[in-house]
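The values are calculated or read from the model by the stated rules, or taken from the named source; none is laboratory data. If you're wondering where the values come from, they're calculated on a predicted model, not measured in any experiment. Cβ placement follows ideal geometry from the backbone for every residue including glycine, while neighbour counts extend to all protein chains displayed.
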Amino acid sequence: MALLKITSLHPSLGAEVAGVDLSKPVDAPTRQALSHALADHLALVFRDQALTPSQYLAAASVFGPPMEQHYSQHNMPDFPLIGLVWHRNGQQPAEQWHTDHTNRERPPAATILYGVEIPSAGGGTSVANMRAAYAALSEDERRRLESLKTFNSLDSGRTDTRQEDKDKYGKPIEHPMVRTHPVHGSRAVYFHISKARIDGMTPEASRAYMADLLDRMIRPEIVYHHAWRKGDVLIIDDRATMHRAHGDYDRRQSRVLWRIIVEGDRPRLD
Ligand SMILES: [Fe+2]
């Protein structure tokens with residue numbers, strides 16, 4: 001087993017992991033330790049990695065099977081399980097707080113990002129601890145959220161979704177608004193504001209409530225901000241966090257992240 005050194009990066013979430021070269025095979029005890037570290041810290045950072053697409057896919061599979069992404073126009077041509085996050089292919093940085101691909105029956109356990117080209121300033125990624133957000137709500141609101149379900153489909157605001165992706169991934173999928181983490185056992189608030197409609201509410205009321213929740217829940221105390229360095233691998237636990245990109249960088253510079261999402265369990269509230 002690799003000798004892991006895990007150093008916390010923020011009081012609420014985030015830890016740097018040293019002692020693992022992700023370009024090499026990861027043995028079973030190390031996989032187990034990393035899976036628990038992710039469940040505990042919710043965001044893991046590995047510095048100074050140098051990965052080919054195949055090595056990156058192998059490393060990502062430590063956290064679950066890589067799954068197809070539904071903006072297939074941005075996938076790496078020879079490695080379609082890797083999505084390219086890059087403004088020069090027409091993407092806008094995802095600056096709204098969200099969790100990835102909630103429109104799947106088994107949405108990602110984790111989103112994995114690898115920093116390939118990094119602007120000299122700005123362009124970070126923030127991750128919010130939705131386990132802490134849940135715990136900070138009033139008892140009444142926790143009970144209310146536990147009673148609510150969402151129906152999740154593709155983003156309402158996107159105009160560039162391919163028809164084949166709409167056909168494959170457009171069917172509404174039901175999830176609880178509070179989910180129990182399958183490894184950690186704790187509860188977290190779970191929704192994607194532009195993919196979800198809350199069952200029993202109009203789209204407008206549902207969106208207004210989710211926007212209000214985000215405003216109240218996401219405070220600096222529960223946010224880890226990742227300032228990218230080339231070679232960083234950031235692993236985000238999608239079962240208990242939300243994240244967002246920051247578009248505050250010079251667009252004449254390139255910001256290229258390779259993204260892999262790995263399949264998790266069907267969300268449930270135990
Ligand atoms: Fe995302």
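Considering segment 97-109, the residues that are within 14 Å of the ligand (Cβ to nearest atom) and in contact with an Asp or Glu (Cβ under 6 Å, 6 or more places away or on another chain) include one that is nearest to L57 (Cα to Cα), namely P108. Assessment of segment 190-203 against the conditions (within 16 Å of the ligand (Cβ to nearest atom), among the polar types (S, T, N, Q) and farther than 26 Å from L9 by Cα) yields at least one matching residue.
Checked across segment 78-92, the condition of being part of a helix (DSSP H, G or I) and at pLDDT 95 or above holds for no residue. Kindly indicate the residue of segment 150-205 that is in a strand (DSSP E or B) and of a type in the set (G, A, S) and also surrounded by the fewest Cβ atoms within 10 Å (Cβ to Cβ) among those meeting that condition. Within segment 150-205, the match that is surrounded by the fewest Cβ atoms within 10 Å (Cβ to Cβ) is A188. Every condition in (1) modelled with pLDDT of 95 or more; (2) among the small types (G, A, S); (3) within 15 Å of the ligand (Cβ to nearest atom); (4) more than 24 Å from S61 (Cβ to Cβ) is met by G264 except one, and the failing one is (4). When segment 110-123 is limited to residues that are within 8 Å of the chain's Cα centre (by Cα) and among the aliphatic types (A, V, I, L, M), the one that is farthest from N75 (Cα to Cα) turns out to be A110.
Scan segment 255-270 for residues that are part of a loop (DSSP other than H, G, I, E, B), among the basic types (K, R) and either closer than 23 Å to P65 by Cα or out of contact with any helix residue (DSSP H, G or I) (no Cβ under 8 Å at 6 or more places or on another chain) (or both) and the total you get is 2. Within segment 1-60, the only residue that satisfies the criterion of being in contact with a strand residue (DSSP E or B) (Cβ under 6 Å, 6 or more places away or on another chain) and basic (K, R) is K5. Taking A128, is it surrounded by 14 or more Cβ atoms within 10 Å (Cβ to Cβ), among the hydrophobic types (A, V, I, L, M, F, W, C) and under 15 Å from T241 (Cβ atoms)? Yes.
Quick test for you: out of A94, A136, A121, A132, pick the one residue that is aliphatic (A, V, I, L, M) and within 16 Å of the ligand (Cβ to nearest atom). Before the answer, list the steps.
Values: A136 fails: within 16 Å of the ligand (Cβ to nearest atom); A121 fails: within 16 Å of the ligand (Cβ to nearest atom); A132 fails: within 16 Å of the ligand (Cβ to nearest atom).
Being aliphatic (A, V, I, L, M) and within 16 Å of the ligand (Cβ to nearest atom) holds for just one of A94, A136, A121, A132, which is A94.
Among the residues of segment 83-93, not a single one is touching a residue at least 12 places away in the same chain (Cβ under 8 Å), closer than 27 Å to S186 by Cα and in contact with a strand residue (DSSP E or B) (Cβ under 7 Å, 6 or more places away or on another chain).
If we keep just the residues of segment 230-254 that are assigned to a strand (DSSP E or B), in contact with a His (Cβ under 9 Å, 6 or more places away or on another chain) and of a type in the set (A, V, I, L, M, F, W, C), which is farthest from the ligand (Cβ to nearest atom)? Once the filter is applied, the top-ranked residue is L234.
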